[in-house]
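The values are calculated or read from the model by the stated rules, or taken from the named source; none is laboratory data. As the structure is a prediction and not an experimental result, all values here were calculated from the model. Because the Cβ atoms are built from the backbone with ideal geometry, glycine has one as well, and the counts that use them run over all protein chains shown.
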Amino acid sequence: MKTLQVYSRQGCHLCEVLIGELKPLIEGELELEIRDIDTNAQWHERWFADIPVVEYEDAVVCMHFLDHDAITGILRG
């Protein structure tokens, strides 16, 4: 099963909202890997001002808010 990555951090309200909306959309279709930017210096430097960020196959799908159309497009594949 292919995987979506979400770059986030603890206590980020936007991250919690995005992840909450994303999980039911991809359930059974894609794996979800949540990457806490505070655990990796490179992630922190790259994404600090932009979280939450959703990546799929090394490409940014959306930032800050969930792009339902982009996720639907991935699922249609």
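Before moving on, here are some points about what is shown:
- Inside the stretch 44-63, residues that are touching a strand residue (DSSP E or B) at 6+ places or on another chain (Cβ under 8 Å) and within 14 Å of residue 12 (Cα to Cα) make up a count of 6.
- Considering residues of the stretch 1-43 that are surrounded by fewer than 13 Cβ atoms within 10 Å (Cβ to Cβ) and in contact with a strand residue (DSSP E or B) (Cβ under 9 Å, 6 or more places away or on another chain) only, the residue modelled with the lowest pLDDT: 1
- Annotation note: Cβ proximity below 7 Å between a residue of the stretch 49-77 that is farther than 22 Å from residue 27 by Cβ and a residue that is of a type in the set (Ser, Thr, Tyr) and surrounded by 12 or more Cβ atoms within 10 Å (Cβ to Cβ) (sequence gap 6+ or interchain) occurs for 51/7; 51/8.
- For the stretch 44-74, a residue qualifies if it is in a helix (DSSP H, G or I) and either modelled with pLDDT under 95 or farther than 21 Å from residue 2 by Cα (or both), and the qualifying residues are 44, 45, 46, 47.
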